[in-house]
Amino acid sequence: MTEPPILNHLPYDIVLNILTRLPVKSVIRLRCVSKSLYSSITTPFFISTHLNHTKNNINHDNACVIHLPFSSRPKIPVCTVALGRSFDTISEIRIPFDFPHPRVQIVGSCNGLLCLADLVYGNVIYLWNPSVRKFKKLPDTCLGNLRFVKLGFAYHSQNNDYKVVRISSPPSSAQEIEVYTLSSGSWRRVEISLGASGIYYYFKRSLLPTPLVSGALHWIAEENPMDRMIMSFDVNSERFRKLALPHGHIDAKNLETHLSSFKGKLAFIKSEQPDFLFSIWVMREYGVVDSWSKIFVVPFERIAHCTAFTEYGSLLMFSYNNINRFKYEDKFVLIDIETLQEKKDLGIQISLSAATFMESLVLLDGAN
């Protein structure tokens, strides 16, 4: 295929500048135009420049999420790309690789790159860019036996790299931590910093991705059942830090708690009984305990569980209602936490794991 005539009459740097502003699908098609374009489009510089343009054009209304079913059915799941405010389907993409069992979670989403892992053991992990259909299976762990695993996925801004953090925290032995970097393609052990030892990570199942806020990953942890906290892991320095949860968060009435990200800030979500309320707190100034503010309270008429929380404030809830002793009704409801408007009849049949999503060319310079 020869280059279009217009490309022959423009300086090459202008051509590349134009290409960095095109949608991913258009750029992918242009790889076939010529060897020179193929070489330029797959360089780290072009991929980063294209990514920056894409980020600048994302707003509240066109932000997307990607979700996959959390199921025990033995089949390869299909990811669904949807609008974050309405969960209206944009496209569906079949996952091009296998897991040992069907229970899969989205660990995190950074710059169009997803980290997927098996939910049971956390020992099979893939990095995947659905937009360019490239994926990479991570090598086996360098730790011993993996038990009570917590995972996190992050962009390493200082090195323009990506990291996966895995914490093995068995109750009866010392915890172990390893970090995988995309640039090296390997795991390495990380020394447990002072203050992070003796911590046990809260292991109640949550389908929400591990939040990346202010360059750090965050998990709920505890030194004892009544001393719960947040453990943050700085992606650049690879050091742990304790952060306090909002005052009065420990309550026997709490059914579930989650950490998430809301408009770039750390968020804490908890349910309360007997009033069927979900409270959403935001740390307005990162690292400052007194800046925790309860910004929204979402009421329900029945027991509900948080399945997903989008960056711009859409709360996906699964609720059920006992009709009689032998029958109950269940449904998914999407709620705008700022207006409390509900959207029902979403077409979602089973619980899912969801994360914010954007198209990008990340991994285009790599191979499956």
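Values quoted throughout were computed directly from the atomic coordinates according to the rules given, and no laboratory measurement underlies them. Here the structure is a predicted model, which means the values were calculated and not measured. Virtual Cβ from ideal backbone geometry, glycine too; neighbours counted across all protein chains shown.
Taking only C-alpha pairs under 8 Å that are 6+ residues apart, what is the relative contact order of region 22-123 in percent? Don't jump to the answer; show the numbers that get you there.
Numbers: 113 pairs, mean separation 15.8, N = 102.
Normalised by residue count, the contact order of region 22-123 is 15 percent.
Could I get the Rg over Rh figure for region 88-193? Both from C-alpha atoms, Rh via Kirkwood, rounded to two places.
Values: Rg = 14.3 Å, Rh = 14.7 Å.
Result for region 88-193 is an Rg/Rh of 0.98.
Sticking with the crude label model, points 7 Å out along Cα→Cβ, report the distance from T181 to S214 in nm, one decimal please.
2.5 nm
So who's got an amide H within less than 5 Å of the one on F357, skipping anything under 5 residues away but keeping other chains? H placed 1.01 Å off N, in plane.
Here the answer is C64, V65, I66, since their amide H atoms fall under 5 Å of that of F357.
Taking Cα pairs under 8 Å and at least six residues apart, what relative contact order does region 78-202 come out at, in percent?
Working: 222 pairs, mean separation 17.6, N = 125.
Computed value for region 78-202: 14 percent relative contact order.
List the aspartates and glutamates whose Cα lies under 14 Å from the Cα of K331, skipping any in the same chain that are fewer than 8 positions away.
Filter leaves E301, E342, D345.
Between their Cα atoms, which of K55/K242; K150/K265; K25/K150 are more than 25 Å away from each other? Present the calculation step by step, with values, prior to reporting the outcome.
Working: K55/K242 31 Å; K150/K265 21 Å; K25/K150 34 Å.
Violating the 25 Å limit, Cα to Cα: K55/K242; K25/K150.
In nm, what is the difference between 0.36 nm times the number of residues separating F276 and H101 and their Cα-Cα distance?
Difference between extended and current length: 59.6 nm.
So, in nm, how far is label D234 from label K25 when the simple model puts each one 7 Å beyond its Cα toward the Cβ?
4.3 nm
Provide the gained length on full extension for the span S86 to E191, in nm with one decimal, where the gain is 0.36 nm per separating residue minus the Cα-Cα distance. Working shown, then result.
On the way: separation 105, 0.36 × 105 = 37.80 nm, distance 4.30 nm.
Here the answer is 33.5 nm.
With label points built 7 Å along Cα→Cβ from the Cα atoms of V78 and Y12, find their separation and express it in nm.
Reported label-point gap for V78 and Y12 is 4.3 nm.
Using 0.36 nm times the number of residues separating S48 and V288, minus their current alpha carbon distance, what extension gain do you get? Before the final figure, lay out the partial values.
Working: separation 240, 0.36 × 240 = 86.40 nm, distance 3.25 nm.
Gain on extension, S48 to V288, equals 83.1 nm.
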